[in-house]
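Structure first, then comments.
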């Protein structure tokens with residue numbers, strides 16, 4: 001009985017250590033990406049350190065979770081409910097309107113509507129950061145923050161995302177915090193990130209189309 005107790009204790013310590021590593025890693029890598037002047041290729045940096053390394057950490061988390069189905073929940077499309085679809089429709093409309101308000105804010109107009117975008121480069125840019133961003137914030141952090149701080153830990157995720165966007169115009173920073181709060185709350189409540197990830201993909205795709213046609217006028 002003592003052996004079993006010791007085994008459980010060591011396993012729990014390993015889980016908690018992995019959680020601490022994951023949370024510190026995400027916070028550190030976001031800070032480095034945003035504020036380091038030594039990164040010569042941000043797209044390459046994000047593919048490696050926003051996606052590949054977090055994917056490895058997620059797979060470790062996936063295989064040590066007991067029962068393993070708890071880890072599968074997060075990216076399992078079969079867990080999507082009708083309620084989720086209704087919420088996604090509402091959020092799609094909100095995001096659509098949010099993009100259309102860009103010209104109403106001088107800071108956003110200057111940031112987005114000054115230089116035209118090149119569609120191929122925009123696509124490469126989005127593909128370089130979006131998968132890793134969502135993997136970190138909608139899957140990896142919810143799993144491990146919930147382990148360290150059950151119930152309330154996920155509230156740190158909007159802080160992470162908002163802090164990263166502090167260099168952006170204030171309406172986008174504020175919008176990102178609200179957007180992150182909604183997506184993360186939805187993800188944690190459902191223990192599934194499929195539709196929240198699709199919502200983020202939608203806003204980036206729609207923003208790309210909006211900017212392309214804006215400069216094509």
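Test residue 95 against the criterion of being touching a residue at least 24 places away in the same chain (Cβ under 8 Å) and closer than 26 Å to residue 196 by Cα, and give yes or no. Break it down into steps so the answer makes sense when it comes.
On the way: touching a residue at least 24 places away in the same chain (Cβ under 8 Å): yes; closer than 26 Å to residue 196 by Cα: yes.
Considered against the rule, which asks whether it is touching a residue at least 24 places away in the same chain (Cβ under 8 Å) and closer than 26 Å to residue 196 by Cα, residue 95 comes out as yes.
The set of residues in segment 154-172 that are within 15 Å of the chain's Cα centre (by Cα) and either under 23 Å from residue 49 (Cβ atoms) or outside any helix (DSSP H, G or I) (or both) comprises 154, 156, 157, 158, 159, 160, 161, 162, 163, 164, 165.
In this structure, does residue 177 turn out to be free of Cβ contacts under 8 Å to residues at least 60 places away in the same chain and either in a helix (DSSP H, G or I) or over 20 Å from residue 72 (Cα atoms) (or both)?
Working: free of Cβ contacts under 8 Å to residues at least 60 places away in the same chain: yes; either in a helix (DSSP H, G or I) or over 20 Å from residue 72 (Cα atoms) (or both): yes.
Criteria met by residue 177.
No other residue among 126, 93, 139 is exposed (fewer than 13 other Cβ atoms within 10 Å of the Cβ) and assigned to a helix (DSSP H, G or I) apart from 93.
Every read-out reported here was derived from the displayed coordinates using simple, explicitly stated rules and does not represent laboratory data. Note that the structure is predicted; figures quoted are calculated from it, not measured. Here Cβ is always computed from backbone atoms with ideal geometry, including for glycine, and neighbour counts include all displayed protein chains.
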